Amino acid sequence: FPPPISCEPMPRRGFRLLSDSPSFADLLITADKADLVVGRSIHADYRIANAQISGTHCTLRLTPSGRLKLTDTSSNGTFVNGREIARFKTVDVRRGSTITFLVASVDERDAEYGDEVPAFTVCDAPPQQAVAEASPGR
């Protein structure tokens, strides 16, 4: 089991989404790149190459006021804290939230997809980070 994830409060400069999978990098969202697309497409900012992930699965947006918004654009579902987000609906995502794809929980993800699909815990971005970074998954 991995060590517990710590989401310590930091000044609002963005958000860091901590991946629970060693196969996928963390995701950093800052004002320098406020809209970030997660999906299977080679054009996605953060790529998850699983056939059940939509080409443009969801978009994460940092608002000018420093809030994190998630818009689901998938066919198979995006979940925040176990609640499915309706397709094309936008919701606020808060520090400490868990974002999963395709299934409502990390346990369900583990059983159905293993390490092929990440889940994220939302934390504040480290203050020294100045640009948005997105590393592709597998």
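Residues are listed down the side, and each one gets a yes or a no for (1) open to solvent by 20 Å² or more (accessible area, probe 1.4 Å); (2) in a strand (DSSP E or B); (3) in contact (Cβ under 8 Å) with a residue 40 or more places away in the chain:
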position	(1), (2), (3)
L17	no, yes, yes
I29	no, yes, yes
A49	yes, no, yes
Q52	yes, no, yes
T59	yes, yes, no
K69	yes, yes, no
S74	no, no, no
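Residues in the stretch 118-138 that are modelled with pLDDT of 95 or more, closer than 24 Å to S41 by Cβ and β-branched (V, I, T): 1 in all. Scan the stretch 83-116 for residues that are touching a helix residue (DSSP H, G or I) at 6+ places or on another chain (Cβ under 8 Å) and either at pLDDT below 95 or not hydrophobic (A, V, I, L, M, F, W, C) (or both) and jot them down. Within the stretch 83-116, T98, T100 qualify.
Report yes if T30 is within 26 Å of P126 (Cα to Cα), of a type in the set (S, T, Y) and modelled with pLDDT under 95, otherwise no.
When the stated conditions are applied, T30 passes them.
The values are calculated or read from the model by the stated rules, or taken from the named source; none is laboratory data. Nothing here was measured: the structure is a model prediction, and the numbers come from that model. Glycine gets a Cβ as well: all are built from the backbone with ideal geometry, and neighbour counts include every protein chain shown. For accessibility, only protein heavy atoms count, side chains too; no ligands or nucleic acids. Shrake-Rupley method; radii C 1.70, N 1.55, O 1.52, S 1.80 Å.
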